[in-house]
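Following: one structure in structure tokens, then a few remarks.
The values are calculated or read from the model by the stated rules, or taken from the named source; none is laboratory data. Everything numeric here is computed off the predicted structure, so don't read it as measured data. Neighbour counts are summed over all protein chains in view; Cβ atoms, including those assigned to glycine, are modelled from backbone coordinates with ideal geometry.
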Amino acid sequence: MSDGEFLNDALELISFRIGDQEFCLDIMAVREIRGWTVATPLPHSPPYVRGVINLRGAVLPILDLKARLGLGVAEPSARSVIIVVHIGKRLVGLLVDGVSEILAAERASVQPTPNVGCDSVGQFVRGIIAMEGRMISWIALDEILPDETDAEAA
Amino acid sequence: MDPMDAIKQTYFQECDELLAALEEGLLALEAGEGDSDTINAVFRAVHSVKGGAGAFGFEAMVAFAHVFETALDLMRSGKLAPDNDVLKIMLRASDVLGDHVQAAKGEGVVDNARERAMLEELEALTNADAPVPRAAAQADAPAGDEWGFTPMKFEFDAPAPSGWRLVMRPSPAMYAKGHDALLFLRELERLGEITVTLDASALPDLGALTAETPYLNWIVELPADVSEAAIRDVFDFVGEDCPIELTRDEPPAPAALDLDAFLSAPTLEPQSPVDAPAPVVADVHEDKAVSAAEKSGAKGVAAASGATIRVDLERVDRMIDLVGELVINQAMLAQRVAESGAGRSSTIAMGLDELEQLTREIQDSVMAIRAQPVKSVFQRMPRLVREIASATGKQVRLVMEGEATEVDKTVIERLSDPITHMLRNAIDHGLETPEERAEAGKPEEGAVRLAALHRSGRIVIEVSDDGKGINRPRVRDIAVKKGLIAPDANLTDDEIDNLIFLPGFSTASAVSNISGRGVGMDVVKRSIQALGGRISISSQPGKGSTFTLSLPLTLAVLDGMVITAGEQTLVAPLTAIVETLRPKPDEVRPLGPTGAVLAVRGGYVPLIDIAVALGQREKAADPTKGVVLLVDTEAGGRAALVADEIQGQRQVVIKSLEANYQRVDGVAAATILGDGRVALILDVDTVVEKRLNERHAPFAKAS
């Protein structure tokens with residue numbers, strides 16, 4: 001299950017903050033949300049891979065979404081949370097600054113990502129949702145895992 | 001799953017078991033250990049495979065199995081002597097039958113040319129041997145032996161043959177056991193053109209009819225060129241549950257060779273023992289066979305009902321996972337209790353100790369559930385050996401020992417490839433040709449031994465041959481030519497032998513299609529190391545070589561040494577560690593701008609700082625302040641890993657990193673420690689290899 005290729009037009013999204021930007025994910029991809037715990041760093045991994053934590057016996061990789069999106073390195077605080085999501089068959093934890101709310105949106109209301117001349121935006125943002133004067137970027141989950149060549153290069 | 005599919009799966013499982021039994025029986029016969037029971041067992045195996053194949057409509061398999069069965073039947077009735085040549089053909093036939101089963105599973109194809117050749121050989125056996133030893137057979141076989149087993153082709157010679165008339169009288173028991181008369185008719189149809197007449201004369205009025213009683217009988221007319229044995233075989237499965245009467249429509253012309261000897265018997269009345277249904281036939285022949293069949297039957301039943309159960313593997317795996325969690329949880333609890341300041345003799349600490357023992361025991365017993373004998377891997381090897389032997393023109397006898405040795409299923413699955421490779425090597429490179437062997441004063445038949453045993457908590461697999469041993473000067477030459485060693489390197493015999501494990505080494509001067517598949521011993525070594533195993537070789541020129549590989553009994557847990565390097569807690573597999581020591585300042589020598597070596601008993605081994613190797617810090621720590629783990633690795637021989645501290649030794653549950661992430665260089669897997677945090681398990685080989693290739697490239701080759 002990826003982030004929700006559902007046939008119905010209503011999207012349920014969970015929104016969260018990274019720095020001063022707002023992002024969201026399809027809620028169906030989210031398995032749980034948990035507090036930040038210190039991760040065990042992995043050698044030779046890209047900088048946005050924080051390491052691995054123990055999720056009830058499973059080894060869960062933690063991605064720093066802020067670093068992945070090229071917004072700088074996150075500094076986890078007590079308010080930081082890990083959103084555990086399914087990406088394909090994998091379970092991955094995303095480190096974000098804090099979860100805001102659950103949104104409902106029409107699929108039709110998703111606008112295409114404007115070209116701002118930035119690779120990471122084009123790659124990781126699926127679309128833009130405008131809501132009550134806020135702009136929320138919809139994350140393309142399938143893209144955020146490092147592929148093997150990424151890790152080798154790092 | 002579709003019920004039919006489920007039944008088919010069961011059939012395939014049975015097929016595998018039957019094929020294994022078939023091969024085992026033939027091998028026993030070849031070794032001269034078989035008796036009539038063994039022959040019967042072999043026959044039954046082929047027959048059962050054929051029966052099931054017919055039910056599922058695997059026509060090709062039925063056709064082949066039938067010819068095979070005919071030949072075996074001759075052997076069973078003593079008309080075909082089970083000498084070595086015959087058994088070799090039978091063994092190859094069993095391989096082809098195995099191919100058919102694979103093909104039916106949809107996992108392979110049958111080599112048509114091979115099958116045709118096989119069929120010809122089998123038919124040659126049946127046709128050539130059937131008439132010849134008849135006199136002998138008549139002399140010593142018990143009465144009633146002669147009626148069956150006419151090879152199908154035989155009757156072509158009989159002039160003016162007449163048809164068979166078969167009366168089928170199904171009994172209530174037959175239907176109660178789920179047999180269907182229609183299937184028998186279909187099976188008969190396969191034998192030739194048939195005419196079926198329904199005999200409903202026994203059918204009572206509706207009022208008198210009971211649903212459980214079969215009233216219908218069938219009269220089937222079959223062409224004369226069908227052998228009686230073939231007809232009876234159709235009913236082999238039902239036995240007494242479906243009495244049949246088989247008669248010739250007219251007596252055959254007396255001129256038909258010795259046919260009258262065969263054909264006088266079939267006209268007997270149902271009361272005659274000869275006309276008893278087919279499964280009992282074996283009993284008629286020899287009383288011993290009866291008891292044996294009963295015995296083995298009883299054993300099979302007991303095993304199926306009382307002693308074992310079949311459990312879905314997923315359930316067992318799930319349980320093992322859960323027990324793994326339990327172990328981790330118990331460790332966490334123990335740590336918390338220790339932190340809370342409860343004394344060692346407090347009741348809670350004592351209770352915890354008991355819990356720990358219990359968890360260990362539970363873990364051991366759960367692991368034992370998944371343990372399997374290596375037989376499942378070993379039994380594939382005789383065929384492989386036969387194929388390699390015939391491809392290389394060498395004569396090989398495979399001796400297997402310790403097939404009952406048990407090891408975890410996760411390990412079993414990965415044993416097959418290395419063993420296959422080592423056997424290939426032993427036969428292709430190790431054994432000489434029969435001529436060379438004769439010259440060397442050895443028996444022409446080479447022996448290859450495959451053995452499994454338990455040794456100090458590990459499983460050891462040995463593959464040895466009595467061939468020419470490793471040709472050390474040649475190995476050396478090749479290694480020099482390929483630039484693997486320096487021309488003037490001074491190597492011990494042992495070191496030369498181990499050169500064959502180096503990547504890019506292949507001794508066969510001509511690339512044969514058996515061993516030279518672009519995969520060398522280095523790949524075998526690598527795959528074994530990936531499992532936490534080791535491989536070694538010992539060789540005596542002219543006497544043969546022995547490959548020994550040792551593997552952990554399970555891939556689910558690992559004995560490790562918990563160490564600190566940099567800020568991190570890591571686990572080093574105990575199997576890789578040769579010794580640990582605190583180096584004295586005068587034992588550490590700098591070498592080159594950044595490198596350093598450690599003096600250990602007269603030799604120097606490269607020092608590798610683990611934290612640096614894993615990219616946690618830039619500069620190596622002072623080795624004299626830390627602890628050195630002396631490890632054995634393959635690419636660079638020995639190396640000394642520097643850790644900051646050793647925390648202790650414990651058994652850890654192996655967790656895959658790949659499940660949710662990907663492979664990480666230098667890390668074999670992960671585990672969860674008592675504090676609930678993830679600790680990485682070091683992949684000692686890649687850590688060393690990587691470090692040495694970066695820094696000491698010239699040394700890596702020389703050592």
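Of all residues in the range A:25-70, those satisfying the criterion of being in contact with a Gly (Cβ under 8 Å, 6 or more places away or on another chain) and on the phi > 0 side of the Ramachandran plot are A:His44, A:Gly57.
Conditions (1) within 24 Å of B:Glu618 (Cα to Cα); (2) of a type in the set (Val, Ile, Thr); (3) modelled with pLDDT under 90; (4) surrounded by fewer than 16 Cβ atoms within 10 Å (Cβ to Cβ), marked per residue:
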{"residue": "A:Leu25", "(1), (2), (3), (4)": "no, no, no, no"}
{"residue": "A:Ala29", "(1), (2), (3), (4)": "no, no, no, no"}
{"residue": "A:Val38", "(1), (2), (3), (4)": "yes, yes, yes, yes"}
{"residue": "A:Pro47", "(1), (2), (3), (4)": "yes, no, yes, yes"}
{"residue": "A:Asn54", "(1), (2), (3), (4)": "no, no, yes, no"}
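Taken over the range B:387-402, residues that are of a type outside the set (S, T, N, Q) and surrounded by fewer than 17 Cβ atoms within 10 Å (Cβ to Cβ) amount to 6.
The condition (being under 37 Å from the mean Cα position of the chain (by Cα), surrounded by fewer than 16 Cβ atoms within 10 Å (Cβ to Cβ), within 14 Å of another protein chain (Cβ to nearest Cβ) and not basic (Lys, Arg)) is satisfied by just one residue among B:Glu356, B:Glu325, B:Glu361: B:Glu325. Among the conditions (1) closer than 29 Å to B:Leu502 by Cα; (2) surrounded by fewer than 22 Cβ atoms within 10 Å (Cβ to Cβ); (3) small (Gly, Ala, Ser), B:Ala576 misses just one, which is (2). Determine whether the range B:26-33 contains at least one residue that is of a type in the set (Gly, Ala, Ser) and either buried (at least 23 other Cβ atoms within 10 Å of the Cβ) or touching a residue at least 60 places away in the same chain (Cβ under 8 Å) (or both). Within the range B:26-33 (the criterion being of a type in the set (Gly, Ala, Ser) and either buried (at least 23 other Cβ atoms within 10 Å of the Cβ) or touching a residue at least 60 places away in the same chain (Cβ under 8 Å) (or both)), the answer is no, since none of the residues qualifies.
Taking (1) of a type outside the set (S, T, N, Q); (2) outside any loop (DSSP other than H, G, I, E, B); (3) on the phi > 0 side of the Ramachandran plot in turn, B:Val42 satisfies each apart from (3). Residues in the range B:476-498 that are of a type in the set (A, V, I, L, M, F, W, C) and either buried (at least 18 other Cβ atoms within 10 Å of the Cβ) or assigned to a loop (DSSP other than H, G, I, E, B) (or both): B:Ile478, B:Ala479, B:Leu484, B:Ile485, B:Ala486, B:Ala489, B:Leu491, B:Ile496. The set of residues in the range B:328-345 that are basic (Lys, Arg) and either modelled with pLDDT of 80 or more or crowded, with 17+ Cβ neighbours inside 10 Å (or both) contains only B:Arg336. Assess whether B:Arg589 counts as being at negative phi and either among the basic types (Lys, Arg) or not assigned by TED's automatic domain parsing to the domain that holds B:Ala640 (or both). Considered against the rule, which asks whether it is at negative phi and either among the basic types (Lys, Arg) or not assigned by TED's automatic domain parsing to the domain that holds B:Ala640 (or both), B:Arg589 comes out as yes.
Among the residues that make up the range B:286-307, is at least one of them at pLDDT 50 or above, exposed (fewer than 15 other Cβ atoms within 10 Å of the Cβ) and not assigned by TED's automatic domain parsing to the domain that holds B:Arg232? Yes: the range B:286-307 contains one or more residues that are at pLDDT 50 or above, exposed (fewer than 15 other Cβ atoms within 10 Å of the Cβ) and not assigned by TED's automatic domain parsing to the domain that holds B:Arg232. Of the listed requirements (1) buried (at least 20 other Cβ atoms within 10 Å of the Cβ); (2) free of Cβ contacts under 8 Å to residues at least 60 places away in the same chain; (3) in contact with a Phe, Trp or Tyr (Cβ under 8 Å, 6 or more places away or on another chain); (4) not polar (S, T, N, Q), B:Lys8 misses just one: (1).
Matching residues to (1) of a type in the set (Gly, Ala, Ser); (2) surrounded by fewer than 16 Cβ atoms within 10 Å (Cβ to Cβ); (3) closer than 26 Å to A:Trp36 by Cα:
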| position | (1), (2), (3) |
| --- | --- |
| A:Ala74 | yes, no, yes |
| A:Val92 | no, no, yes |
| A:Asn115 | no, yes, no |
| A:Arg134 | no, yes, no |
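Hey, A:Ala108 hits all of (1) more than 14 Å from chain B (Cβ to nearest Cβ); (2) in a loop (DSSP other than H, G, I, E, B); (3) touching a residue at least 60 places away in the same chain (Cβ under 8 Å) but one; which does it fall short on? So the condition that A:Ala108 fails would be (2). Only residues that are at the interface with chain A (Cβ under 9 Å from one of its Cβ atoms) and at pLDDT 85 or above were counted across the range B:667-685, and they come to 9. Once the range B:190-205 is narrowed to residues that are over 21 Å from B:His66 (Cβ atoms) and surrounded by 13 or more Cβ atoms within 10 Å (Cβ to Cβ), the residue that is modelled with the highest pLDDT is B:Val196. Residues that are buried (at least 17 other Cβ atoms within 10 Å of the Cβ) and either over 14 Å from B:Leu570 (Cα atoms) or more than 14 Å from chain A (Cβ to nearest Cβ) (or both) within the range B:606-631 comprise B:Pro606, B:Leu607, B:Ile608, B:Ala620, B:Ala621, B:Pro623, B:Gly626, B:Val627, B:Val628, B:Leu629, B:Leu630, B:Val631, listed in sequence order.
No other residue among B:Ile362, B:Ile348, B:Ile419, B:Ile388 is outside the structural domain of B:Ala530 (by TED's automatic domain parsing) and under 30 Å from B:Gln13 (Cβ atoms) apart from B:Ile362. With a requirement of 1 or more residues that are among the polar types (S, T, N, Q) and more than 23 Å from B:Ala31 (Cα to Cα), the strands (runs of 3 or more DSSP E) lying completely within the range B:357-475 that satisfy it span B:371-373.
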